[in-house]
Amino acid sequence: MTRKGPGNPGGVPRWVGRGPGNPRGVPRWVGAWRGVGLGRLLGFPVRLDLSWFAGLAVLVLLSRELWAPAVAGPAAVGLSAVFAVAFFGCVLVHELAHALAARAVGVPTAEIRLFIFGGVARITSEPADPGAEVLVAMAGPLASVVLAGLADLASWTLPGPGGDLLALLFLGNLVVAGFNLLPGFPLDGGRVARALVWHLTGRRLLATRVTALLGRALAVTLVLGGAAAALWQQTPRWLPQVVLGLFLWQAAADGERSAARAQLLAGRAERG
Ligand SMILES: [Zn+2]
C-alpha cells in the first residue's frame, strides 16, 4: 500500500486519504509520515507515528510535577517517562483488543498505529452488522477498564513512587475508557451509538451521519472549552484539549465521508 510509483512518487501510504481503505476515518494528516515500525504483535503490524514522540514529550511535561515532593528534578522526569511509556503500552493493549475483536468477526486489521493522542487499529472494512460493530467498538474500552482495575490492585501492593505511578496508570486508563465511550462518532462510544441507530433504522449511513454530528458537537465543546480555560487561567495546559477537539472534528468528517463511500461501493456491489 505504500509502494512508490508514478502516481505516488513519495511512497505516501495510499490509505491516508479517505475511502474504503480508511473506514475508521483516520484523519489524513495522521498518516502523513510513515513513522517507526515496531514489528508485529499477535500478527498485527505496530507502528509509531512520528507525532507519537510529541505526545510522549507532552505527557512527560504534564506529569512531571505530580511526583512531588517525594520525587523531584531529573528523577521526576525519569518517572514521568516510565509512566508515559507504560500509558502508551496500555493504549496499545486497547487497540490490540479492537484488532482481536475485529479478527473474531472476520475483519482484518491492516495496522495498529500509535500517534500523539493515542492509537488507532486500522481495520480494513466496516463490520458487517451492528452486533459486530458493537463488539469491535467495546473491546477497547473494556480492555482499558480491565487494565485500570489491574493497575489499581497493583498500586495498593506497591509503596512509594512505584505505587503512585500505578495509581496514575489506573486514572489514565479510566480516562482513556471514559473519553472513548463518549457517544460521538468515530469514538468507540460513537460507534456503539451508530450501531444502535443502524439497528433501529436499518440505515448505516444515516446512523453514521447522526453520530458524526454528535462527534462534531463534542469537538466544538472541546475546542471552545479548552480555549476558554486556557485564556481564563492564562496557561497553555489546556491547549492539548483544543488540538484534540480539532482532531476529533477532522476524524468525524473523514469517518462520515469514508462511510458514505463504503455505502456507495456496497450499493454498486449489490447491483453488480
Ligand atoms: Zn478504542
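Applying the criterion of being assigned to a helix (DSSP H, G or I) and more than 12 Å from the ligand (Cβ to nearest atom) to the residues of region 174-190, the residue that is nearest to Gly215 (Cα to Cα) is Val175.
Taking each residue of region 127-138 that is within 14 Å of Ala259 (Cα to Cα) and looking for partners that are at pLDDT 95 or above and not in a helix (DSSP H, G or I) with beta-carbon atoms closer than 7 Å, six or more apart or interchain, yields Pro127/Val105. Counting only residues that are under 14 Å from Pro186 (Cβ atoms), near the ligand (Cβ under 10 Å from one of its atoms) and touching a Lys or Arg at 6+ places or on another chain (Cβ under 9 Å), region 99-141 holds 5 of them.
Within region 78-110, the set of residues being at negative phi and outside any helix (DSSP H, G or I) comprises Val105, Val107, Pro108, Thr109, Ala110.
Comparison of Ala102, Ala148, Ala70, Ala167 shows that the only residue that is more than 18 Å from the chain's Cα centre (by Cα) and free of Cβ contacts under 8 Å to residues at least 60 places away in the same chain is Ala167.
With respect to (1) among the small types (Gly, Ala, Ser); (2) touching a strand residue (DSSP E or B) at 6+ places or on another chain (Cβ under 9 Å); (3) on the phi > 0 side of the Ramachandran plot, the lone exception for Ser51 is condition (3).
The condition (being over 28 Å from Gly39 (Cβ atoms), assigned to a loop (DSSP other than H, G, I, E, B), out of contact with any strand residue (DSSP E or B) (no Cβ under 6 Å at 6 or more places or on another chain) and not acidic (Asp, Glu)) is satisfied by just one residue among Ala128, Ala167, Ala75: Ala128.
The values are calculated or read from the model by the stated rules, or taken from the named source; none is laboratory data. Model, not experiment: these values are computed from the prediction. Cβ atoms come from the backbone with ideal geometry, glycine included; neighbour counts cover every protein chain shown.
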